[in-house]
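One structure is given below, encoded as structure tokens.
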Amino acid sequence: MSNNDEVILTEEGLAQLEDELRDLKTVKRRELAERLKLAISYGDLKENSEYHSAKNDQSFMETRVMILEKMIRKAQVVSADSLNLSAVSIGCIVVLNDIEYSEKIEYRIVGTAEADVLENKISYESPLGKELIGKEVGSIVSVNAPMGILKYELLEIKAI
């Protein structure tokens, strides 16, 4: 993430990042401090694997804290109230019909930082997300995938 990159988030995505940051700064920092204190009590730090493991975890955690703070600072929040449901945009839910298998699929279009395929949240920058942005109900979109071209019909655009 360069210095000028905006991070596009839904209100829910921003809240999740803020919760994670709060947890890291309070609970996780305290837990790591206790681990370090215990590891130091074992003596000789050169060959103290518990100490080195805790220091390594601390480094990763502090890096994550810095990343989260930067993302939150640069966040451009897409409000559910501002959604125009006449066309696909970030923050909306789309209902698609997989034309080949005649299956309905529902995805939420989100920013890259909160994309999670397991939760059916796809980034507006993903191949499918790029094809969907700006499309209206009834549109057919095609996406290149490793198994070939996938075609979807946009059945519905909903708010969260």
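Read-outs throughout are calculated quantities, based only on the coordinates presented, and are distinct from any laboratory measurement. Owing to the predicted nature of the structure, the values given are computational and were not obtained by experimental measurement. Here the Cβ is made from the backbone with ideal geometry for all residues, glycine too, and neighbour counts use every protein chain on show.
Summary table below
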item: Value at 222 nm in deg cm²/dmol, rounded to 500, when DSSP H runs of n ≥ 4 in the chain each add -39,500 (n - 2.57); result: -11500 deg cm²/dmol
item: Loop GluC sites (Glu not before Pro), the range 88-160, which have at most 16 other Cβ atoms in a 10 Å radius of their Cβ (DSSP); result: Glu100, Glu125, Glu136
item: Gain in span if fully extended, Ala145 to Ile133, counting 0.36 nm per residue against the direct Cα distance; result: 2.5 nm
item: Full-extension gain in nm, Asn84 to Lys37, via 0.36 nm per residue minus C-alpha separation; result: 11.6 nm
item: Reciprocal mean inverse distance between Cα atoms of the range 7-78 - Kirkwood radius, Å; result: 13.6
item: Spatial separation of Cα centroids for the range 55-105 and the range 5-21, in angstrom; result: 8
item: 5 angstrom amide H check on Ser139, placed H, neighbours 5+ away; result: Leu154
item: Candidate lysines for bridging to Lys130, where Cα separation is under 21 Å - those fewer than 8 sequence places away on the same chain excluded; result: Lys104, Lys121, Lys151, Lys158
item: Length-normalised contact order for the chain - Cα pairs under 8 Å, 6+ apart - percent; result: 24
item: Taking the C-alpha atoms of the chain, convex hull volume expressed per residue in Å³; result: 156
item: Unit charges at the beta carbon, dipole of the chain: most positive-side option, Ser89, Ile67, Ser49; result: Ser49
item: Measure of compaction for the range 80-158 (Cα Rg per 2.2 N^0.38 Å); result: 1.01
